[in-house]
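I have placed the structure first, in the form of structure tokens, so that the comments after it can refer back to it.
Nothing in this text is a laboratory measurement; each read-out follows from the coordinates by a stated rule. These figures come from a predicted structure and were not determined experimentally. Neighbour counts run over all protein chains shown; Cβ positions are idealised from the backbone, glycine included.
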Amino acid sequence: MTKDYYNILGINRNATDKDIKKAYRDLANKYHPDKPSGNEDKFKEVAEAYSVLSDSKKKAQFDNPVFNRTRANSGPAFDFDFNVGDVSDIFESFFGHPWDTGTTNKPNVKGADVRVQMTLTFMESYTGCTKILDIEGERTKINITPGIQQGQTLRIKNKGIQSRFGGARGDILISISIVQDHQWIIRGDDLYVDVNIPLWDLLLGCEKYVRTPSGEIKIKIPEASKNGHLLRVKGSGMPVYGHTNLHGNLMVKLNALFPVQISNKQRELLKQLKLNQ
């Protein structure tokens, strides 16, 4: 039976080189024999399909209607010369290490890595927490250090997929995503927070209690502060990842609250202030 390489990779005939590469990468990950969902025959088949469709000359031959009719009626008109060694070469070009074909004993070949997306709340990223992952039926405790950042990747060694060849287990690679908080914004090790201040307090200066993730602190607002001004409170921001007792800054944005209405007396006082500028 004639193989349809496009169907094997799950792409259409108008697929770009980028589409072909992505399809191979996804399916090679899915069918890798070291994974629970692995299928060695399909793993080799997608490599064969990629080897043809990624080569412009072979692809042109495969796409030729005359070529395909010849293949269907009397077998291959061209020899694409694909063998098991090509499977490993293609895999290595994508993933940086060869696929063991099973023809030699390689006890040092480690198992496959497992990539996991983990979502944390703001407070979990601030205080740290413990999460449990289930990999191949084995529960693994993951300790999250305070101050972990959005997009940070954690590597947990030797907790991934078991090697088929007696080597070390693969690793767990955890990509961190942090849910945005409605009150505090994380920027590096600093926290940003908005505080509403009555106009009179901005003009005259005052002391104000501001909420932080670890409790309220009192800050001093200088007189004649401008609307939108940022006050830096050292050491009250995010924990610095991996550094116990070290924090970034709390950046307090001052938002002026203007009065809804003013009394006659206030109006006269404002007029006097204006005249005395």
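Quick one: which residue in Leu199, Leu173 is among the hydrophobic types (A, V, I, L, M, F, W, C), surrounded by 12 or more Cβ atoms within 10 Å (Cβ to Cβ) and either closer than 26 Å to Gln277 by Cα or out of contact with any Asp or Glu (no Cβ under 7 Å at 6 or more places or on another chain) (or both)?
So the residue among Leu199, Leu173 that is among the hydrophobic types (A, V, I, L, M, F, W, C), surrounded by 12 or more Cβ atoms within 10 Å (Cβ to Cβ) and either closer than 26 Å to Gln277 by Cα or out of contact with any Asp or Glu (no Cβ under 7 Å at 6 or more places or on another chain) (or both) is Leu199.
Which residues, taken from segment 16-47, are buried (at least 19 other Cβ atoms within 10 Å of the Cβ) and acidic (Asp, Glu)?
The one that is buried (at least 19 other Cβ atoms within 10 Å of the Cβ) and acidic (Asp, Glu): Asp34.
Would you mention how many residues in segment 244-277 are touching a residue at least 12 places away in the same chain (Cβ under 8 Å) and out of contact with any Ser or Thr (no Cβ under 8 Å at 6 or more places or on another chain)?
Of the residues in segment 244-277, 9 are touching a residue at least 12 places away in the same chain (Cβ under 8 Å) and out of contact with any Ser or Thr (no Cβ under 8 Å at 6 or more places or on another chain).
So which residues in segment 1-40 are among the polar types (S, T, N, Q), closer than 20 Å to Asp55 by Cβ and not in a loop (DSSP other than H, G, I, E, B)?
Residue satisfying the conditions is Asn7 alone.
Quick one: in segment 151-170, of everything that is surrounded by fewer than 18 Cβ atoms within 10 Å (Cβ to Cβ) and in contact with a Pro (Cβ under 9 Å, 6 or more places away or on another chain), which residue is nearest to Ile221 (Cα to Cα)?
Gly167
Can you find, within segment 16-40, the residue that is farthest from Val109 (Cα to Cα) among those that are among the hydrophobic types (A, V, I, L, M, F, W, C) and touching a Leu at 6+ places or on another chain (Cβ under 8 Å)?
Looking at residues that are among the hydrophobic types (A, V, I, L, M, F, W, C) and touching a Leu at 6+ places or on another chain (Cβ under 8 Å), I get Ile20.
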